[in-house]
1. Might you report the magnitude of the Cβ-based charge dipole of the chain about its Cα centre, with Lys and Arg at +1 and Asp and Glu at -1, to the nearest 20 debye?
2. What number comes out for the charge environment of Arg196, summing +1 per Lys or Arg and -1 per Asp or Glu over other residues with Cβ under 9 Å away?
3. Considering just Cα atoms, how many Å³ per residue does the convex hull of the chain enclose?
4. Roughly how many Å is it from the Cα centre of region 92-127 to that of region 248-301, as a whole number?
5. Could you put Glu35, Glu24, Glu45 in order, starting from the residue whose Cβ has the fewest other Cβ atoms within 10 Å?
6. Could you give the length gained on full extension between Ala129 and Glu45, defined as 0.36 nm per residue of separation minus the Cα-Cα distance, in nm?
7. Take the Cβ-Cβ distance between Ser110 and Asp183 as r, set R0 to 22 Å, and report the resulting FRET efficiency rounded to the nearest 0.05.
8. Kindly rank 135-143, 297-305 from highest to lowest mean number of other beta carbons found within 10 Å of each residue.
Amino acid sequence: MSTPKPTVFIHTNHKQIVGAIVAEHSMRRNSRHNESFDVKIICTEDHPFIKERDGQVYKREGERVVWRYENLQSFTPLRFMPPELMGYEGRAVVVDPDVFAVGDVWELLSRDMQGKAIMCRPRSGSKGACGCLASSVMLLDCAQLRHWKVEENFAELFEFKRDYMEWICLQLEPRESIALFEDEWNDFDKLTRKTRMLHTTHRQTQPWKTGLPVDFTPAMKKLKPLRPKTWLRPIKRRLKSRPKVYIPHPDPNQERFFFGLLRECLDLGLVTEEMLREEMRRNHVRHDAFEVLDRTPPLEESMAAV
C-alpha cells in the first residue's frame, strides 16, 4: 500500500465554511507545487460525535463547562483528526479555517522534521508563558501519532479524564516529540513580508465578520489566587462592557488580503454569489461583503502595500 500524498487539512464548522474555502484557495494559489499535495476540508457536520455532545459538561482548565456546538470554534477537536484520515501514514498540515497561505505551503509540508512527530509554534501571551503550544497550525508525521483517536479522546473530556486546554495546547504530548517552526508559519494577526501563513486569530476582528453580532463565548482566564491584584478581575470584567458585534480589523491590509482572496474565489466559482448571500443571511458573513468586494483591489495590488 502506497504512502498517501501529503495533505493540507482545513478543519471548520458551518459558521466558518467561507473562511475554510478561502483558506483552501490560498493554499493552492500560492504554491508552485500543487501536483505534490492534496487539500481537504474537514467539517464538524461530517462528524456527528461533535454535535452529539451539545449541552454536555466537559473539563476545561480544571473546571466543568458546557460544550456548545454552535460556538464559533466548535471545530477545534478536529485538529487531531488528520492522522486517522491519513491511515497513520505520511505527512499532513492542519490549519484553522481562519489561516490563509501567503507563502508556499509545500515548503512546510516538505521540510525536515528531524524525527519529530509535530511541528508548531508557541502560543503568545500568558498561555505561551505557561508552555501552551499553538495547535492551530501543525505539521504532522502521522505514523508517529497513532494514539490520536479523536472520537475516543473527545469523549474523555466528558468523562473528566482529559482536560481540553491541556489537549489543545499539546501538553499531553511528550515534549521531546515536538519541534518549533518559525512564527511566520502561524502569524497571529500579523501580515508582513516574512509572513508565510496569516492567522486572523483574534475572533473579534475577523475581517469577514465586521458588524455581525458576536457568536462566541470569550474564554475566561483562570485566576491565580496567590496574586492579590487578580482578585478584582471578575468585577472589572463585568464593569467593562464587551463589544456585542465584531469590530473592524486594525490592519486594513489584512482585510484587503482576505477580500482579495474571496473575490478570486467568486471569479473561479469556488464561492457563488448565492452561497455568499445565504451566509450573510445566516450572520456568518458581514452584510456589506459585496460593497467591500467592490472596493477591494486585485490581490497583487493589495500585497504590494504590505
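Please treat every number below as a calculation from the coordinates, not as lab data. Since the model is a prediction, treat every value here as computed from it, not as a measurement. Methodologically, a virtual Cβ is constructed for each residue, glycine included, from the backbone with ideal geometry; neighbour enumeration extends over all protein chains shown.
1. Around 1880 debye, computed over the chain.
2. -4
3. Here the figure is 150 Å³ per residue.
4. Each part's Cα centre sits 25 Å from the other's.
5. With the sparsest Cβ surroundings first, the list reads Glu35, Glu45, Glu24.
6. Computed gain between Ala129 and Glu45 is 26.8 nm.
7. Numbers: r = 20 Å, r/R0 = 0.89.
For Ser110 and Asp183, the calculated efficiency is 0.65.
8. Descending packing order for the listed peptides: 135-143, 297-305.
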